1. Suppose R0 equals 30 Å. What FRET efficiency, 1/(1 + (r/R0)^6) with r the Cβ-Cβ distance, do Ser192 and Leu86 give to the nearest 0.05?
2. I'd like to check one number: the per residue accessible area of the chain, probe 1.4 Å, reported in Å² as a whole number.
3. Once you have the alpha carbon radius of gyration of the chain, what is it after dividing by 2.2 N^0.38 Å, with N set to its residue count?
4. In nm, to one decimal, how far is the modelled label at Thr244 from the one at Ala206, with both set 7 Å along Cα→Cβ?
5. Please check which bits of the stretch 228-263 a label hung off Asp294 would reach, taking the label as a point 7 Å along Cα-to-C-beta and the cut-off as backbone N under 12 Å.
6. Given the rule -39500 (n - 2.57) for each run of at least 4 DSSP H residues, summed and divided by the residues of the chain, what is its mean residue ellipticity at 222 nm, to the nearest 500 deg cm²/dmol?
7. How large is ³J(HN,Hα) for each residue in the stretch 201-216, as worked out from phi by the Karplus curve 6.51 cos²θ - 1.76 cosθ + 1.60 (θ = phi - 60°), to whole Hz, x for Gly and Pro?
8. Compute the distance in nm between two label points, each set 7 Å from the Cα along the Cα-to-Cβ direction, one at Asp217 and one at Ser72.
Amino acid sequence: MKKREEQRFNPLVGLVVALVGMVVLLVAQHIPNRHGMEENLTQRSEQALRSAGLSQVRVTFTGRDGRLEAGSATEAERALDIVRALDGVRAAEAQVPPSLETAVLPVPPSVLLALTGGKVSISGTVPTEDSRTALVAATVATFGAEAVDNRLTVDDAVTDAALSGLPGVLRAVGRDTRDLRAELTGGTLNLSGTVPSEARKVAVLASARGIGAAVVDGLRVPDVQRQLTGLPPLRFAFDSAALTPATRASLVKVGQVLNANPSTRIRVDGHTDSVGSATYNLALSRDRAETVLDFLRKQGVAADRMSTKGYGESRPKLSNTSSSNRAVNRRVELVVM
């Protein structure tokens with residue numbers, strides 16, 4: 001009976017049971033710890049890849065060993081350098097699925113429109129004859145058939161990305177634009193050159209940004225001060241603040257320039273000749289400036305874009321030694337602020 005009890009309660013069996021229990025307990029504790037570590041490494045890897053512009057790379061971890069799936073060999077190499085540098089990563093490998101390695105990437109169209117002195121050359125590659133015809137027709141409609149040199153070619157290997165929006169950009173450019181370069185390449189539309197006004201530039205960019213391509217804005221507008229200075233002078237009759245017909249006609253053009261460049265602010269400076277007292281001439285110069293401002297306001301130029309200043313006889317353009325010189329000095333000048 002005693003021998004049977006010794007066999008039944010063998011200490012070695014108890015030790016084995018205890019060891020097995022400890023192993024099971026350790027494994028049970030390790031599983032969630034390992035899962036947390038893998039999740040942490042995955043999240044940190046994904047964040048680092050996103051920051052490097054590689055958000056399409058997939059990453060998983062088994063323990064501290066990472067596995068990456070990239071779209072190309074170059075992408076895989078960059079991603080491995082990033083992941084391997086992270087704390088806690090023991091090893092990492094990457095693969096490119098065969099379907100991605102052999103895939104033929106779409107080739108966007110390339111179109112260059114170069115406008116110089118009213119003559120326009122259009123070249124590049126489009127996918128179909130229809131797209132070529134449509135783009136040439138839009139160019140001709142904008143600039144005239146005699147001005148267009150068509151050098152477009154057709155290649156069905158390229159896509160039609162952003163092509164359908166180019167005619168709208170051309171219409172926004174307008175026939176009076178003389179110097180422009182518009183190049184659609186690699187999914188980006190690069191614009192450079194000079195358009196007639198600020199309002200025209202806004203219209204061109206609005207149309208360009210709606211075609212589905214990135215836009216690089218290199219457009220310029222003519223200097224507004226130079227445009228205003230180039231208009232006929234704003235002169236007045238002797239001892240008068242009334243607008244002459246010639247001054248009124250010139251102010252219509254001034255209004256057009258200012259309305260086409262709505263961010264421009266001006267100061268309206270009034271002047272007189274030297275006949276009369278300085279006090280009287282100062283008041284007359286202010287009246288002339290106010291008369292011009294009021295006319296421009298009625299032309300649609302916002303009053304808060306304009307201010308006035310009278311200089312009287314203190315700033316003659318010419319010496320007041322003759323009637324013709326004094327006629328030049330009876331004027332208003334517009335200064336872009």
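1. Efficiency, from the Cβ-Cβ distance: 0.10.
2. On the way: 19210 Å² over 337 residues.
Value for the chain: 57 Å² per residue.
3. Details: Rg = 38.6 Å, N = 337, 2.2 N^0.38 = 20.1 Å.
The value comes to 1.92.
4. 4.0
5. 241-243
6. The per-residue figure over the chain is -14000 deg cm²/dmol.
7. Rounded to whole hertz, the list is 4, 4, 5, 5, 5, 4, 5, 5, 6, x, 8, x, 10, 5, 10, 10.
8. 3.0
The values are calculated or read from the model by the stated rules, or taken from the named source; none is laboratory data. Everything numeric in this text was worked out from a predicted model, so none of it was measured. Cβ atoms come from the backbone with ideal geometry, glycine included; neighbour counts cover every protein chain shown. In case anyone asks, the SASA skips ligands and DNA or RNA and just uses the protein heavy atoms, side chains included. Shrake-Rupley method; radii C 1.70, N 1.55, O 1.52, S 1.80 Å.
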